[in-house]
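Step one of this worksheet: look at the structure below.
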Amino acid sequence: MRTYKFDPEFAFNRIKLQWTDFSKRTGAKKWIIGNSGGKDSDVCIHLAAKIFGPENVYALAMPNGEQADACDADEVAKITKVHPCLININELYNNMMRGYTRDTGFQPSKDAMINLGPRLRMAALYFYGSCF
């Protein structure tokens, strides 16, 4: 059995090469990243700040109303010195739920209600990403 050995410098350099190549091919100069405050977004925000400079990275936190871990997303932006952005999607979520169900006879499933938030966040990332 082979033992896996992780080389963080090699991994970082591969990511940097891929991201900078993408940046050159597309002309992208600014980066917007969804900021949940969780490990995945933390790593992406940190990598983007290190590769492109924190002044070129926008960390977009998108809580749905009050979220207990919202301070984690704010802390990530402070530590990495990127631009913190906060868009509360609660009003949009509630309006869409009302619009989808009013006069249709449809009753959303639990999964439909859970998945609407992430889909709104995805749409917001596309929208704000096209502003640069």
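Some observations on this one:
- Selected residue (only one of 11, 48 is open to solvent by less than 70 Å² (accessible area, probe 1.4 Å) and over 13 Å from residue 82 (Cβ atoms)): 11
- Any hit, the stretch 102-116, residues being without any contact (Cβ under 8 Å) to a residue 60 or more places away in the chain, within 30 Å of residue 22 (Cα to Cα), small (Gly, Ala, Ser) and assigned to a helix (DSSP H, G or I): no
- Output for the stretch 114-132, where each listed residue is out of contact with any strand residue (DSSP E or B) (no Cβ under 9 Å at 6 or more places or on another chain) and among the aliphatic types (A, V, I, L, M): 114, 116, 120, 123
- Scan of the stretch 53-89 for residues that are open to solvent by 50 Å² or more (accessible area, probe 1.4 Å), part of a strand (DSSP E or B) and over 22 Å from residue 116 (Cβ atoms), ordered by number: 83, 84
- Residue in the stretch 90-113 that is modelled with pLDDT under 95, touching a strand residue (DSSP E or B) at 6+ places or on another chain (Cβ under 6 Å) and open to solvent by less than 70 Å² (accessible area, probe 1.4 Å) present: no
- Of the residues making up the stretch 47-61, none is over 21 Å from residue 31 (Cα atoms) and of a type in the set (Asp, Glu).
The values are calculated or read from the model by the stated rules, or taken from the named source; none is laboratory data. Please read these numbers as outputs of a predicted model, since none were measured by experiment. Using ideal geometry, Cβ is built from the backbone for each residue, glycine included, and neighbour counts are taken over all protein chains shown. Surface areas here come from the heavy atoms of the whole protein model, side chains and all, with no ligands, DNA or RNA. Shrake-Rupley method; radii C 1.70, N 1.55, O 1.52, S 1.80 Å.
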